[in-house]
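Report on the following structure.
What follows draws every value from the coordinates through simple rules; no lab data is involved. Here the structure is a predicted model, which is why all the values come from computation and not from measurement. Reconstructed Cβ throughout: ideal geometry from the backbone, glycine too, with neighbour counts over all protein chains shown.
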Amino acid sequence: MITITLPDGSRREYPQAPTVGDIAASIGPGLAKSALAGRVDGQLVDTSHRLESDAHVAIVTDRDADGLEVIRHSTAHLLAYAVKDLFPEAQVTIGPVIENGFYYDFAYKRPFTPEDLAAIEQRMAELAKKDEPVVRRVLPRDEAVAYFKGLGEHYKAEIIGSIPADQDVSLYREGGFEDLCRGPHVPSTGKLRHFKLMKVAGAYWRGDQANEQLQRIYGTAWASKDDLQKHLHMLEEAEKRDHRKLGRELDFFHMEETSPGMVFWHPKGWTVWQQIEQYMRAVYRDNGYQEVKGPQVLDKALWEKTGHWGNYRENMFTTESEKREYALKPMNCPGHVLIFNSQMRSYRDLPLRYGEFGQCHRNEPSGALHGIMRVRGFTQDDGHIFCTEDQILDECVAYTALLQKVYADFGFNEIIYKVATRPEKRVGSDDLWDKAEFAVMESLRRSGCEFIVSPGDGAFYGPKIEYTLKDAIGRQWQCGTMQVDFNTAERLGGEYVTATSGRAHPVMLHRAIVGSLERFIGILIEQHAGALPAWLAPVQVVVASITDAQADYASEVVKELQKQGVRVTLDLRNEKINYKIREHSMQKVPYILVVGDKEKANGAVAVRARGNQDLGVMPLADFSQKLVGDIARKV
């Protein structure tokens, strides 16, 4: 008798070894129909998986995150099936699940066209309607290699050939197509109904530029038609909000191949930058931080001591002078330790909080660069807190509250909290890592924040909290971090005098709120679709005259607003007023003040707010009060 324990704690007994599908059917016909896979003692398996002993079992449907993963994985195979059906000479390589979808790489004699993509998607739909069963079988490695070589699938044979010879491999067949895969997969192709092929891109075999170039077809798949449509709508919105497109249209910045991964800031974009920097500078000042500035270039020996040279060398730019090797700093931490070490510190000085708008350089692969979101040269609102072990929790709790306030001011009220724990490649003892991991988790509990754990994703010197924002169209952006580090200060000789006149190494808390200012500005542009709130907008007000007769009065309005610190420009051009309004509206200026003879006579302005809102005529003093209030409230 096989005893199966279900997620609600109930138990069912089966006289013979049941499959996951049998268990679902015994619970009810509805569950049997919707079952996509199962979890057996925590392991994801096919519905055809047979249980030979007692186990805990959960049935996976399209309502589960695991179910969506299985759908996407299976849709990648459906894509390969359709491609082979339409283009028999194409060779299949790999096809993993990625965020919101999947891709599959193919070797083919010519580039796939948009027309090919449409035909492939149509064929996928036709194959799905056949509702062909997806069947798993297992072969010895060498037999599988021979099998795929016989099919002319040399890339697949090479993949299998890299598996140890004593291992078996699993294959999945649907109709006339069979592929190498660990699985699991949906029980039949009829479960795959809501998908869309998105684009074709180039990719190198095994990700190596020295190898042949393949064609990568990207797709997305969802559990329901509604979910698919929502995702496609989000992508349309994301395209409209693309910071690279808006950056050009609004004249914020540009990038070019003379300096790949670096940003050329234009006056408007630099104004936005300055607003964020000055805001964060006030945050430093009001929360006990002392602003510092470290050098850009530091000796290789320093990076060897910190562990960066051994653990991060491939991402660092290096240079040489007088037979000494240096690195452009990829982060600000070592410089802050050297500032700490510049004089003897006492426990009474702690916690000591340093903040820096530190310019860093990281040698990111060219293929990973993306506008100002992923660059090689960037500036962080970087901070480091030197404290005792007893002060860690209070500092982390206070930091989370501060970060929440800052994000709210920028218009983000939904934060996802994640704790990234020790990676395989790390420095420091397990005992110190235990303390550090407890500290970050306990600080979030005390802050009332639910969090998820991401095993192995911590920095090599300490675990971290990752603070992720959700934007206006539902996308997630990881920005802030808090890292608890027992190692770096000790490795660089950082010490303080204890209450008993002894010596101890401070704990170092690495923290950033907005992170890279470049990336954060890109996020803000996309969050607001370029229509930045008045307090951040590079031009807050445009004063436009109707005719030359109002030129003097319009200039007086500008001067009065400038006295109050308003970023205002004057438009006296000999153009129709509707043309002026349209042009400044396209530039997403928060307020346009129109002045004609009536406004001049009454000391007033006709106010048009962004979004084609006509707020009517009002005294200049009333408008000034409204604008100053908007800026103060950051609306």
Counting Lys and Arg as +1 and Asp and Glu as -1 over every other residue whose Cβ sits under 10 Å from the Cβ of E466, the net charge comes to +1
Percent relative contact order of the chain, based on C-alpha pairs within less than 8 angstrom and at least six residues apart?
9
What distance in nm separates the simple spin-label points at E560 and S26, each placed 7 Å from Cα in the Cβ direction?
8.3
On a 0 to 90° scale, report how tilted helix 65-86 is relative to the longest principal axis of the chain, with both axes built from alpha carbons and the result rounded to the nearest 10.
70
Quote the relative contact order of the stretch 447-495 in percent (integer), defining contacts as alpha-carbon pairs under 8 Å separated by 6+ residues.
31
Placing +1 at every Lys and Arg Cβ and -1 at every Asp and Glu Cβ, with all other atoms neutral, what dipole size does the stretch 450-574 have around its Cα centre, in debye to the nearest 20?
220
How many angstrom lie between the C-alpha centres of the stretch 233-263 and the stretch 545-572?
31
At R0 = 41 Å, FRET efficiency that the Cβ-Cβ distance of A398 and L232 yields, to 0.05
0.45
Compute the signed sum of charges (Lys and Arg +1, Asp and Glu -1) over the other residues within less than 12 Å, Cβ to Cβ, of V440.
+1
Do the sum for the chain: with -39,500 (n - 2.57) for every DSSP H run of n ≥ 4, divided by all residues, what is the mean residue ellipticity at 222 nm, to the nearest 500 deg cm²/dmol?
-11000 deg cm²/dmol
When the label point is put 7 Å from the Cα of S34 along its Cα-to-beta-carbon vector, which residues of the stretch 224-249 have a backbone N closer than 18 Å?
224-228
Size of the stretch 61-177 along its principal axes in angstrom, Cα-based, largest extent first?
39, 39, 27
Placing +1 on the Cβ of each Lys and Arg and -1 on the Cβ of each Asp and Glu in the chain, which of G515, P164, Y147 has its Cα farthest towards the positive end of the resulting dipole?
G515
Which semi-axes, in whole Å and largest first, does the equivalent ellipsoid of the stretch 171-215 have when worked out from the alpha carbon gyration tensor as the square roots of 5 times its eigenvalues?
27, 16, 9
Spatially close lysines, pair count over the stretch 352-481: Cα under 16 Å, gap of eight or more or interchain:
5
Taking +1 at the Cβ of each Lys and Arg and -1 at the Cβ of each Asp and Glu, which of P7, A35, C479 sits farthest along the dipole of the chain towards its positive end, judged by Cα position relative to the Cα centre?
C479
So if I place +1 on the C-beta of Lys and Arg and -1 on the C-beta of Asp and Glu, and nothing else carries charge, what would the dipole magnitude of the stretch 1-97 be about its Cα centre? I want it in debye, nearest 20.
140
Loop-resident sites, the stretch 546-635, for trypsin sites (Lys or Arg not before Pro), counting at most 13 other Cβ within 10 Å (DSSP)
R573, K576
Qualifying trypsin sites (Lys or Arg not before Pro) in the stretch 94-129, DSSP loop, other Cβ atoms within 10 Å at most 15
K109
Tilt, helix 517-527 to longest principal axis of the chain (alpha-carbon atoms), in degrees rounded to tens, equals 80
Which entries in K240/K634; K129/K230; K109/K196; K230/K329; K240/K329 show an alpha-carbon gap greater than 32 Å?
K230/K329; K240/K329
Using 7 Å Cα-to-Cβ label points, what is the K626/E322 separation (nm, one decimal)?
6.3
For the stretch 226-241, in order, what is each residue's ³J(HN,Hα) by Karplus, 6.51 cos²θ - 1.76 cosθ + 1.60 with θ = phi - 60°, in whole Hz (x at glycine and Pro)?
4, 5, 4, 5, 4, 5, 5, 5, 4, 5, 4, 5, 4, 5, 5, 8
Around S342, with a cut-off of 13 angstrom between Cβ atoms, what is the net charge of the other residues, counting Lys and Arg +1 and Asp and Glu -1?
-1
Taking the Cα atoms of the chain alone, what are Rg (to one decimal) and Dmax (as a whole number) in Å?
30.1, 97
Could you tell me which of T113, L469, V594 has its Cα farthest along the dipole of the chain towards the positive end, charges placed at Cβ (Lys, Arg +1; Asp, Glu -1), taken about the Cα centre?
V594
First measure r as the distance between the Cβ atoms of E143 and E442, then evaluate 1/(1 + (r/R0)^6) with R0 = 56 Å and state the FRET efficiency to the nearest 0.05.
0.60
For the chain, what is the charge dipole size about the Cα centre, in debye to the nearest 20, if Lys and Arg each add +1 at the Cβ and Asp and Glu each add -1 at the Cβ?
1120
Between the Cα axis of helix 577-586 and the main Cα principal axis of the chain, the angle (0 to 90°, nearest 10) is 50
For the stretch 354-429, which semi-axes, largest first and in whole Å, follow from the square roots of 5 times the eigenvalues of its Cα gyration tensor?
26, 21, 15
Just order 184-190, 419-425 by mean Cβ neighbour count inside 10 Å, highest at the front, would you?
184-190, 419-425
